[in-house]
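Participant: Sharing a structure below in C-alpha cells format, with a few things to ask.
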Amino acid sequence: MHNKTIKELSALLHAKQISSTELTRHYLGRIEASGHNAFLHVDPELTLAQAAAADARIAEGTAGPLTGVPIAHKDIFVTRGWRTTAGSKMLANYVSPFDATVVERFNSAGMVTLGKVNLDEFAMGSSNENSAFAPVHNPWDAQAVPGGSSGGSAAAIAARLAPAATATDTGGSIRQPAAFCGVTGIKPTYGRVSRFGMIAFASSLDQGGPIAQTAEDCALLLNDMVGHDVRDSTSLTPEQGNLQEDFTRELNQPLTGLRIGVPSEYFGEGLASDVEAAVRAALEQFVKLGATLVDISLPKTSLSIPTYYIIAPAEASSNLSRFDGVRYGHRASEYKDLQDMYKKTRAEGFGREVQRRIMVGTYVLCHGYYDAYYVQAQKIRRLIADDFQAAFADKCDVIMGPVAPTVAWDLGDKANDPVANYLADIYTLSTSLAGLPGMSIPCGFGQGEKNAKRPVGLQIIGNYFAEAKLLNIAHQYQQVTDWHQRAPDGV
Ligand code: GLN
C-alpha cells in the first residue's frame, strides 16, 4: 500500500477500494514504528478527523484528485491546531492561529495532514543537523544525513511514511534532500507558491514546493500549490504569468529534439566520480529518448556561494528580528532589563548556525560594509541570472547536472564545519538566486561499499514558468527507468 503513488492511491480512494481512514491509519502506524526522527509532531485525532471528512466528501461525490490522500507538512508551514517550530527551540511551543496558504489549499483539496516534519532550524542547513530536535536519519542508511533543510520531508517519502510532503527551497532545500533520499522534488519559479504562513528565512529566495515519489505526483500536488495570493506581496499574479495551470497536461510529450544544456562548471573539480557516473548515465538515457546534449557554460557558478551566503544571511537577520521574546515563542526567564531580555532570549532560543547567520547578515548590512558586500552581492546575483538567460536564449531548452557534488555524507562529518556545508550547495544556489524552477529526480546510487546504497539525484533546471515542461521531462525518464521505485531495505 505505502509503495503506491498519489496517482494510484487517488484511484483506489475514488473507486472506494480503500477509505482515507484506512489509508491514514496505515501511514500513522508506519510513522509510529519508524526510527528516522522525520516527524516532529503527530496528532492522530486531528489527522483521523480530516480523514473522516475526506471519506464523507468521497461518499458525497465532491472529492477532487487529492481528497483523502495523506500529506506531511514541513514544520515551517504554520498550521492551526498543530505546533509549528521551524526546527527551533525559539518556537518549541508555538501554535499558529492561522494556516499557511499552502496548508489551507491542501486542506480545501481534502488532503489529510499526517503531521509536521523535521528540518534544519529556520531552514538553514544542508544536513538536518541544525534542527533543535535532533537530526533525521537517512532511510537508506541510518549513518547518513538525509540532506537539508527539508530532510524530514524527503526522508518521510523515502521511508514511505507519507505519499506526499511539502518542502521549501531557499538555496537547494527541496532538491538536495530529495537527491540524498532518492525521491522526486520540484522547486517552482520564485513567486509561484505563496509564502504566506511559510516562516521566512530569506524572503527573496524562499519558495515552497512538493516532494513525492514521482514527477507525476509532484505535478498533481503543484496543481493545488501554485497560484497568486493577495496575502503575499511577492506572489506573482496571473498577469505576470502565474496561471492556475494543469501541471499534468504535458506529461505525454515526447522528448525528441529537446536540447539539454550540460554546464561544464557542474562537472568540474569537486564532483565525486560516482555521482558523475550516475548523472552521465542519466544524460545518455535522455539521448535515447531523443534529446541532444549541448555543452554550455554558466561562468558565474562559483560566485553563487559567496553571493548566496551574503544575501540569505542579510535577509535572515532582518526576518529573524521578530523573535525577540515579546511577540513569539521563547522568552528568557531571568533578565535585568529589556536589552538583557532580548539578548538572553535570542542566545537561548537560536542555535549556533542561526546565530552565525544573524551575525553575518547584520555585518553585511551595516553602514560601511553595505556597499562592499550586500550591494555587490545583488549585482552578482543579476549576472548569475544573466548566465542562465544566455544559455536559454539560443543554446538549450533545459539544463541538467548533478544536484550535489557527493552522495549523502555521514552524520557528524560536516556538523562543525559550516564552510564545508556551504560548499556542498554549489550546484543548487545559482538556480535559487536566479529564481528559476529546478527539479531533482533519482538517477542511481553511489559506488563503493559505503556509497552503494546512497542515492544520486539528477537536477533539471528550466526557464521561468517551465515547471510543466520539467515535470514532463522527468516523467518521460521515469517511464523508462525505475530508480524512483526503489525503496530502502525493509520498506
Ligand atoms: N543549504 C542552504 C542553506 O543552508 C540552503 C537551505 C535552504 O534551501 N533552505 O542556506
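The values are calculated or read from the model by the stated rules, or taken from the named source; none is laboratory data. Keep in mind that what you see is a predicted model, and the values were worked out from it rather than measured. Neighbour counts are summed over all protein chains in view; Cβ atoms, including those assigned to glycine, are modelled from backbone coordinates with ideal geometry. Remember, those area values only see protein heavy atoms, side chains included, never the ligands or the DNA or RNA. Shrake-Rupley method; radii C 1.70, N 1.55, O 1.52, S 1.80 Å.
Participant: Report yes if Arg382 is assigned to a helix (DSSP H, G or I), within 15 Å of the ligand (Cβ to nearest atom) and open to solvent by 60 Å² or more (accessible area, probe 1.4 Å), otherwise no.
Facilitator: On the way: assigned to a helix (DSSP H, G or I): yes; within 15 Å of the ligand (Cβ to nearest atom): no; open to solvent by 60 Å² or more (accessible area, probe 1.4 Å): yes.
Answer is no for this residue.
Participant: Residue under question is Asp397, and the condition is that it be acidic (Asp, Glu), touching a residue at least 12 places away in the same chain (Cβ under 8 Å) and surrounded by fewer than 21 Cβ atoms within 10 Å (Cβ to Cβ); does it hold?
Facilitator: It is true that Asp397 is acidic (Asp, Glu), touching a residue at least 12 places away in the same chain (Cβ under 8 Å) and surrounded by fewer than 21 Cβ atoms within 10 Å (Cβ to Cβ).
Participant: Scan segment 199-224 for residues that are closer than 27 Å to Ile305 by Cα and open to solvent by 10 Å² or more (accessible area, probe 1.4 Å) and report the count. Working first, answer last.
Facilitator: The initial filter retains those residues of segment 199-224 that are closer than 27 Å to Ile305 by Cα, namely 199-211.
So of that shortlist, the ones also open to solvent by 10 Å² or more (accessible area, probe 1.4 Å) come out as 199-200, 203-204.
Here the count works out to 4.
Participant: If you go through segment 331-354 one residue at a time, do you hit one that is outside any strand (DSSP E or B), at pLDDT below 95, open to solvent by less than 60 Å² (accessible area, probe 1.4 Å) and not basic (Lys, Arg)?
Facilitator: So far as segment 331-354 goes, no, none of its residues is outside any strand (DSSP E or B), at pLDDT below 95, open to solvent by less than 60 Å² (accessible area, probe 1.4 Å) and not basic (Lys, Arg).
Participant: A further question on this structure: Any chance you could count how many residues in segment 262-280 are within 16 Å of Ile441 (Cα to Cα) and open to solvent by 60 Å² or more (accessible area, probe 1.4 Å)?
Facilitator: 1
Participant: Still on this model: Could you check segment 85-133 and list, in sequence order, the residues that are open to solvent by 10 Å² or more (accessible area, probe 1.4 Å), out of contact with any helix residue (DSSP H, G or I) (no Cβ under 7 Å at 6 or more places or on another chain) and of a type outside the set (Ser, Thr, Tyr)?
Facilitator: Ala92, Asn93, Val95, Pro97, Phe98, Glu104, Asn107, Glu129, Phe133
Participant: Determine which member of the set Ala202, Ala178 is in a loop (DSSP other than H, G, I, E, B) and within 16 Å of the ligand (Cβ to nearest atom). Reasoning before the result, please.
Facilitator: Working: Ala178 fails: in a loop (DSSP other than H, G, I, E, B).
Every option except Ala202 fails the conditions.
Participant: Could I ask something else about it? Out of segment 156-175, which residues are within 16 Å of the ligand (Cβ to nearest atom) and either farther than 19 Å from Leu40 by Cα or in contact (Cβ under 8 Å) with a residue 60 or more places away in the chain (or both)? Lay out the reasoning, then the answer.
Facilitator: Here is the first cut: in segment 156-175, the residues within 16 Å of the ligand (Cβ to nearest atom) are 165-175.
Selection gives Ala165, Thr166, Ala167, Thr168, Asp169, Thr170, Gly171, Gly172, Ile174, Arg175.
Participant: Further question: Does any residue of segment 329-338 turn out to be among the basic types (Lys, Arg), under 19 Å from Ala92 (Cβ atoms) and touching a helix residue (DSSP H, G or I) at 6+ places or on another chain (Cβ under 8 Å)? Break it down into steps so the answer makes sense when it comes.
Facilitator: First, pick out the residues of segment 329-338 that are among the basic types (Lys, Arg): 331, 336.
Narrowing the set further to residues that are under 19 Å from Ala92 (Cβ atoms) leaves 331.
Now restrict to residues that are touching a helix residue (DSSP H, G or I) at 6+ places or on another chain (Cβ under 8 Å): 331.
Yes, segment 329-338 has at least one match.
Participant: Given (1) away from the ligand (no atom under 13 Å from the Cβ); (2) surrounded by 24 or more Cβ atoms within 10 Å (Cβ to Cβ), where does Gly227 come up short, assuming only one miss?
Facilitator: (2)
Participant: Let me ask something additional. Residue under question is Lys453, and the condition is that it be open to solvent by 10 Å² or more (accessible area, probe 1.4 Å), away from the ligand (no atom under 16 Å from the Cβ) and of a type in the set (Lys, Arg); does it hold? First the steps, then the outcome.
Facilitator: Working: open to solvent by 10 Å² or more (accessible area, probe 1.4 Å): yes; away from the ligand (no atom under 16 Å from the Cβ): yes; of a type in the set (Lys, Arg): yes.
Criteria met by Lys453.
Participant: Continuing with the same structure: When segment 311-324 is examined, which residues are found to be within 12 Å of the ligand (Cβ to nearest atom) and either acidic (Asp, Glu) or open to solvent by 10 Å² or more (accessible area, probe 1.4 Å) (or both)?
Facilitator: Residue satisfying the conditions is Glu315 alone.
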